[in-house]
Ligand code: AMP
């Protein structure tokens with residue numbers, strides 16, 4: 001009798017587990033809290049999953065807006081990729097669901113919000129802080145590239161900060177479509193390498209270029225090829241017109257690392273594992289990968 005009961009219990013557990021795997025989420029599974037922010041296609045709220053008490057960020061996207069901008073197919077692809085990535089510096093996408101009007105993304109909650117706002121507040125970061133973030137990004141990108149995922153859209157607006165101060169890549173700009181989207185919808189050239197602005201073939205080393213741009217922006221507060229006119233940014237990228245302003249004073253080793261990432265010939269950019277071994281990273285990055293300020 002006792003054995004039969006145990007078997008029944010095991011079966012019940014197994015069926016519960018498989019129900020969990022196939023679980024279809026609905027809005028009633030969550031308590032909705034304060035709004036965290038607003039995006040192009042909808043709103044993000046703090047939320048608690050009722051059964052587990054797990055705190056998440058619930059992103060609510062309006063189908064009508066997704067349809068208008070013709071990005072539903074792209075969203076599907078990007079969600080598919082992001083939900084399979086597991087890395088401490090990549091924001092988790094736990095799942096999604098939808099109703100008639102909206103699509104809901106269940107995301108890891110990044111308690112300290114946008115890195116972009118922090119950069120605006122501080123104007124520029126210390127070398128210690130910048131190096132810690134660059135090392136975290138390099139590790140996350142090595143992980144992505146190992147899974148044949150090229151990010152192509154690394155920029156401060158796509159980075160969030162977790163409760164401990166850890167950096168999280170937080171967009172779903174993972175696919176070729178993202179590049180198209182950026183060209184048509186955002187038109188921001190600042191982070192794109194020569195081979196992408198010229199639309200020739202590119203590979204994972206596009207992310208090394210963007211990391212170089214980001215490293216520069218962390219230290220100086222502005223991206224390196226910024227210009228008033230689109231056409232000037234284009235020209236500066238293609239010519240790799242890299243200049244280091246006298247202020248703020250930045251170490252030569254930092255400039256050396258940036259110069260090794262912002263190389264026109266993409267086969268000559270410093271590989272990401274070598275970025276992690278570069279003296280500037282070794283001397284400045286927090287070994288824990290967490291910048292506490
Ligand atoms: P987005 O639609 O991704 O641009 O998000 C809009 C805003 O919501 C962002 O700028 C953040 O301030 C906030 N936000 C988005 N996702 C999260 C998250 N996972 N954790 C905390 N805040 C978030």
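All of the numbers you see were taken from the coordinates with simple rules; none came from a lab. The shown structure was predicted, so the numbers you read here are calculated from the model rather than taken from an experiment. Using ideal geometry, Cβ is built from the backbone for each residue, glycine included, and neighbour counts are taken over all protein chains shown.
I'd like the antiparallel share, as a percent to the nearest 5, of DSSP beta bridges with both residues in region 23-108.
On the way: 26 of 26 bridges.
Antiparallel bridges: around 100 percent, rounded to the nearest 5.
What's the exposure ranking of 290, 106, going from fewest to most Cβ atoms within 10 Å?
290, 106
Determine the equivalent ellipsoid of the chain by diagonalising the alpha-carbon gyration tensor, then write out the semi-axes as square roots of 5 times the eigenvalues, largest first, rounded to whole Å.
Each semi-axis is √(5λ); the values are 38, 22, 18 Å.
How high is the FRET efficiency from residue 49 to residue 203, r the C-beta distance, R0 45 Å, rounded to 0.05?
0.70
Set the Förster distance to 35 Å, then compute FRET efficiency between residue 241 and residue 292 from the Cβ-Cβ distance, nearest 0.05.
On the way: r = 36 Å, r/R0 = 1.03.
Efficiency at R0 = 35 Å is approximately 0.45.
Can you tell which of 246, 194, 223 shows the greatest fluctuation in a Gaussian network model of the chain with Cα springs below 10 Å?
Highest fluctuation of the listed residues: 246.
Going by how many other Cβ atoms sit within 10 Å of their own, how do 265, 29, 256 line up, fewest first?
265, 256, 29
May I ask what percent, to the nearest 5, of DSSP beta bridges between residues of the chain are antiparallel? Mind dumping the intermediate values first?
Details: 30 of 31 bridges.
Of those bridges, close to 95 percent are antiparallel.
What FRET efficiency comes out for residue 73 versus residue 32 if R0 is 22 angstrom and r is the Cβ-Cβ distance? Round to the nearest 0.05.
Working from the Cβ atoms, E equals 0.20.
Compute the helix-to-body angle for 72-82: its Cα long axis versus the longest principal axis of the chain, expressed 0 to 90° and rounded to tens.
The angle comes out near 90 degrees.
Which of 23, 168 has the fewest other C-beta atoms within 10 Å, and how do the rest follow up to the most?
Taking fewest neighbouring Cβ atoms as first place, the list is 23, 168.
Run the helix sum for the chain: -39,500 (n - 2.57) per DSSP H stretch of 4+ residues, divided by residue count, reported at 222 nm to the nearest 500 deg cm²/dmol.
Per the formula, -12000 deg cm²/dmol.
When the Kirkwood radius is taken over all Cα pairs of region 23-108, what Stokes-Einstein diffusion coefficient follows at 37 °C and 0.692 mPa s, in µm²/s?
Working: Rh = 13.4 Å.
Result for D is 245 µm²/s.
Regarding region 49-96, what's the average projected area of the Cα-atom convex hull, expressed in nm²?
4.3
Would any residue of region 106-148 have its amide N under 18 Å from a label point 7 Å out along Cα→Cβ of residue 157? List them or say none.
Under cut-off, by backbone N: 113-121.
Based on alpha-carbon centroids, what's the gap between region 230-276 and region 86-141 in Å, whole number please?
Going from one Cα centre to the other spans 24 Å.
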